[in-house]
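One structure is given here, and the rest of the page talks about it.
The values are calculated or read from the model by the stated rules, or taken from the named source; none is laboratory data. These numbers come from a predicted model, not from an experiment. Neighbour counts are summed over all protein chains in view; Cβ atoms, including those assigned to glycine, are modelled from backbone coordinates with ideal geometry.
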Amino acid sequence: MTLTAESPIHTSPDAAIAVRCTGIEKSFSAGETKVRVLRGTDFVAESGKMNFLVGPSGCGKTTLISVIGAILSCEAGELQVLGHDLRSMRNGRLADFRLTNLGFIFQQFNLLPALNAEENASLPLVARGEATSKAEKIARALLERLGLEGQTKKMPAQLSGGQQQRVAIARALVHQPRLLICDEPTASLDASSGHTVMELLRDVALEGDRSVIVVTHDNRIFEFADRISHMADGQITRTESPDQGRQP
């Protein structure tokens, strides 16, 4: 894979922007000490692309996607997600925005052990008020598309790690969000399963103009990235592209 040289944060001239963070500040209190985690962070994710966010542990990656995902608030900066100014939204509107527009895939899958695969996958639709039977039918169809035909009634403990991750992908996509946020989606998988999961994300998640943000330490999956933003000490230091033609 050939990467461009170090470059500032920028986008293709004709790119649609799903996420634009400008000067984001976020701190946490540790006793009497205040720790700055995001230090004027600038970050862009383009629509219809796989946007990777990489960097060492503790550099602020998870905090940044938590701010983008309206899970954490920030103290300063501008935050535009899917054309909305998240910093101007109150809690109720933020919750509705997150439920309607965002999907999340976590490293540990976070499946509910008492629910079967299609019940787990249907949860976002049920939370939006969809009838349980209809929600589970939609979830079942998506699970089958993800290669889990015949597995939809199984409990998480009866599924392999790769199969559990596919259920997590279905849950993240079942309500057709416009932005998918993935935190270390292959960290718990072997190389083959991780490669398969990324192929699924690329082929299924990028339908329409959906944008995908992937936080990862796994350089085995860098080949799936359209953009790779490197982070260190709470700031984006450079953005690269595997295809020099995509980004001048």
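Rundown of residues vs (1) among the aromatic types (Phe, Trp, Tyr); (2) surrounded by fewer than 18 Cβ atoms within 10 Å (Cβ to Cβ); (3) out of contact with any Asp or Glu (no Cβ under 6 Å at 6 or more places or on another chain); (4) at pLDDT below 90, yes/no style:
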{"position": "Ala157", "(1), (2), (3), (4)": "no, yes, yes, no"}
{"position": "Val167", "(1), (2), (3), (4)": "no, no, yes, no"}
{"position": "Val174", "(1), (2), (3), (4)": "no, no, yes, no"}
{"position": "Gln247", "(1), (2), (3), (4)": "no, no, yes, yes"}
**Prompt:** Pairs, please: C-beta under 7 Å, at least 6 apart or cross-chain, first residue among the aliphatic types (A, V, I, L, M) and in the range 25-39, second assigned to a strand (DSSP E or B)?
**Reply:** Val35/Ser27; Val35/Phe28; Val37/Lys26; Val37/Ser27; Val37/Phe28; Leu38/Ile24; Leu38/Glu25; Leu38/Lys26
**Complete:** Of the residues in the range 42-87 that are of a type in the set (D, E, K, R) and within 22 Å of Asp226 (Cβ to Cβ), the one that is surrounded by the fewest Cβ atoms within 10 Å (Cβ to Cβ) is Asp42
**Asked** Of these, Thr237, Thr216, which one is within 18 Å of Ile65 (Cα to Cα) and crowded, with 17+ Cβ neighbours inside 10 Å?
**Response** Thr216
**Request:** Please find, within the range 193-213, the residue that is surrounded by the most Cβ atoms within 10 Å (Cβ to Cβ) out of those that are in contact (Cβ under 8 Å) with a residue 24 or more places away in the chain and in a loop (DSSP other than H, G, I, E, B).
**Result:** Arg210
**Asked** part of a helix (DSSP H, G or I), touching a helix residue (DSSP H, G or I) at 6+ places or on another chain (Cβ under 8 Å) and crowded, with 20+ Cβ neighbours inside 10 Å - does that describe any residue in the range 178-192?
**Response** no
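Among the strands (runs of 3 or more DSSP E) contained in the range 41-153, which hold 1 or more residues that are closer than 30 Å to Gln163 by Cβ, touching an Asp or Glu at 6+ places or on another chain (Cβ under 9 Å) and in contact (Cβ under 8 Å) with a residue 40 or more places away in the chain?
Filter on the range 41-153 gives 50-54, 102-105.
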